[in-house]
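*Asks:* Below is the structure I would like to discuss, written out as structure tokens.
The values are calculated or read from the model by the stated rules, or taken from the named source; none is laboratory data. Everything numeric here is computed off the predicted structure, so don't read it as measured data. Cβ sites come from the backbone with ideal geometry, for glycine too, and all protein chains shown count toward neighbours. The area values use the complete protein model at the heavy-atom level, side chains included, leaving out ligands, DNA and RNA. Shrake-Rupley method; radii C 1.70, N 1.55, O 1.52, S 1.80 Å.
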Amino acid sequence: MSGFMRFLLWTVLILGALGAFLYFAFFDVWKLPADDPQFAVSVEPTLTVGDLVIIARHGSPSTGHLVRCADPDEPRRFVVGRWMAGGGDKVEIVGEGITVDGQRASSPRGCGRPPVSLTNPASGALEPLTCRQVEFAGLTHETLSSTEHAEGKRAMTVDPGKIFLASDNRHMHLDSRDFGSIDPSSCEHVLFRLWGDSGFGDASHRFTIIW
């Protein structure tokens, strides 16, 4: 074996060992499941079922972060949503916009692309949704909402020691409006999308930082 080939082999082995160490010590690689229609629409527009994402095993996610949490109704599954409020906070949702302790999350502009249409699992109807950029907790993320069939006003106070989780799809949600406040100890920060269900060749779903 030539010197170059030995160097290449050792490089691959070292990088593989380093990757394995980082994976088992700090990160989890997770593919968003496609077997639950409500989950599938709730993670839009930030994520899409089939996306391969990196989850932080350690660290403390906080307000504004997208997190993966144990499903309160089925602990063997996960829910994904935006950490919007903590214990004792008063949350109001009006016109599918969220207000926490009287401070409404700012939504100054659209996402710069046409409205999308998704099938609502609750009704089976195809509904147009508008994408807007939302500024909250020092971060900017994208949300979907309905201008034609917005939900009525909702309000709740987050239980002590719990958090309020909101789907980025504010209209077709799977979040604290459905299962109540959630234990933050079961939540992990969604950090990065490697690529989407179409594979590495789909540049629109490749190498995306998730806030």
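*Asks:* Provide the per residue accessible area, probe 1.4 Å, for the chain, rounded to a whole number of square angstrom.
*Replies:* So the chain comes to 52 Å² accessible per residue, rounded to a whole number.
*Asks:* Let a ≥ b ≥ c be the square roots of the eigenvalues of the Cα gyration tensor of the stretch 150-190; is it rounded (a/c under 1.5), or, if not, prolate (a/b larger than b/c) or oblate?
*Replies:* Oblate is the answer for the stretch 150-190, as a/c is 1.5 or above yet b/c matches or exceeds a/b.
*Asks:* Now for a separate question. Under the rule of at least 5 residues apart or a separate chain, name every residue whose amide H is placed under 5 Å from the amide H of TRP195.
*Replies:* LEU52, PHE207
*Asks:* Additional query: Enumerate the amide H contacts of GLY81 below 5 Å, restricted to partners 5 or more residues apart or on another chain; note that Pro and chain-start residues carry no placed amide H.
*Replies:* VAL67, CYS69
*Asks:* Which ³J(HN,Hα) values, rounded to whole Hz and listed in residue order, are derived for the stretch 68-82 from phi using the Karplus coefficients 6.51, -1.76 and 1.60 in 6.51 cos²θ - 1.76 cosθ + 1.60 with θ = phi - 60°, glycine and proline given as x?
*Replies:* After applying 6.51 cos²θ - 1.76 cosθ + 1.60, I find 9, 10, 4, 5, x, 8, 8, x, 7, 10, 10, 10, 10, x, 9 Hz.
*Asks:* If you don't mind, another one. When the Karplus curve 6.51 cos²θ - 1.76 cosθ + 1.60 is applied with θ = phi - 60°, which whole-Hz ³J(HN,Hα) does each residue of the stretch 196-211 get, with x for Gly and Pro?
*Replies:* Per residue, the Karplus-derived 3J(HN,Hα) values read x, 5, 7, x, 4, x, 7, 5, 6, 10, 10, 6, 10, 6, 10, 8 Hz.
*Asks:* Work out from phi, with θ = phi - 60° and the Karplus expression 6.51 cos²θ - 1.76 cosθ + 1.60, the ³J(HN,Hα) of each residue of the stretch 129-140, listed in order in whole Hz, and give x for Gly and Pro.
*Replies:* Along the stretch 129-140, the couplings run 10, 9, 9, 9, 7, 10, 9, 7, 6, x, 10, 10 Hz.
*Asks:* When we measure straight from the Cα of LYS90, which aspartates and glutamates land under 15 angstrom away, once same-chain ones fewer than 8 places off are left out?
*Replies:* ASP101, ASP159
*Asks:* In addition: Based on Cβ point charges of +1 for Lys and Arg and -1 for Asp and Glu, what charge dipole magnitude is obtained for the chain about its Cα centre, in debye rounded to the nearest 20?
*Replies:* Charge dipole, the chain, about its Cα centre: 620 debye, nearest 20.
*Asks:* Moving to a separate point now. Label-point separation (nm) for VAL116 and LEU139, each offset 7 Å from Cα along Cα-to-Cβ?
*Replies:* That separation, rounded to one decimal, is 1.8 nm.
*Asks:* FRET efficiency for ARG104 and PHE200, Cβ-Cβ distance as r, R0 = 41 Å, nearest 0.05?
*Replies:* 0.55
*Asks:* Can you pull the percent of the stretch 141-211's accessible area that's carbon plus sulfur, 1.4 Å probe, other chains left in place? Write out the running numbers ahead of the final one.
*Replies:* Numbers: 1770 of 3330 Å².
Ligands and nucleic acids excluded, carbon and sulfur reach 53 percent.
*Asks:* Which trypsin sites (Lys or Arg not before Pro) does the stretch 107-211 hold that lie in a coil by DSSP with at most 11 other beta carbons within 10 Å? Intermediate results must be reported in sequence, preceding the final value.
*Replies:* Working: sites: ARG109, ARG132, LYS153, ARG154, LYS162, ARG170, ARG177, ARG193, ARG206; in loops: LYS153, LYS162, ARG170, ARG206.
For trypsin sites (Lys or Arg not before Pro) across the stretch 107-211 that sit outside H, G, I, E and B with at most 11 neighbouring Cβ atoms in 10 Å, the list reads LYS153.
*Asks:* Let me know the shape class of the stretch 81-125, please: from the alpha-carbon gyration tensor, a ≥ b ≥ c as square roots of the eigenvalues, rounded when a/c is under 1.5, otherwise prolate if a/b is greater than b/c, or oblate. Don't skip to the answer; put the middle values down first.
*Replies:* Working: a/c = 2.72, a/b = 1.53, b/c = 1.78.
Note, shape of the stretch 81-125 comes out oblate.
*Asks:* Starting from the Cα gyration tensor of the stretch 44-118, take the square roots of the eigenvalues, sort them a ≥ b ≥ c, and report rounded, prolate or oblate (rounded when a/c is under 1.5, otherwise prolate if a/b is larger than b/c, else oblate).
*Replies:* Verdict is oblate for the stretch 44-118.
*Asks:* Which aspartates and glutamates does LYS31 reach when only Cα atoms under 19 Å apart count, and residues fewer than 8 places away in its own chain are ignored?
*Replies:* Straight-line reach from LYS31, under 19 Å: GLU44, ASP51, ASP71, GLU74, ASP168, GLU188, ASP197, ASP202.
*Asks:* A follow-up question, please. In Å³ and rounded to a whole number, note down the convex hull volume per residue for the Cα atoms of the stretch 61-161. Don't skip to the answer; put the middle values down first.
*Replies:* Details: hull volume 13.2 nm³, N = 101.
Cα convex hull per residue, to the nearest whole number: 131 Å³.
*Asks:* Continuing with this model, one more query. By how many degrees, 0 to 90 and rounded to 10, does the Cα axis of helix 3-25 deviate from the longest principal axis of the chain?
*Replies:* For helix 3-25, the angle is close to 30 degrees.
*Asks:* A follow-up question, please. Under 5 Å between amide H atoms, partner at least 5 residues away or on a different chain: which partners does ASN169 have, H built in plane at 1.01 Å?
*Replies:* Those qualifying (amide H under 5 Å, at least 5 residues apart or on another chain) are GLU44, LEU144.
*Asks:* I've got another one for you. Taking 7 Å along the Cα-to-C-beta vector as the label spot, tell me the GLU92-VAL29 distance in nanometres, rounded to one decimal.
*Replies:* Placing both labels 7 Å beyond Cα along the Cβ direction yields 4.6 nm.
*Asks:* Which three semi-axes in whole Å describe the equivalent ellipsoid of the chain, each the square root of 5 times a Cα gyration tensor eigenvalue, listed largest first?
*Replies:* So the three semi-axes of the chain are 34, 20, 15 Å.
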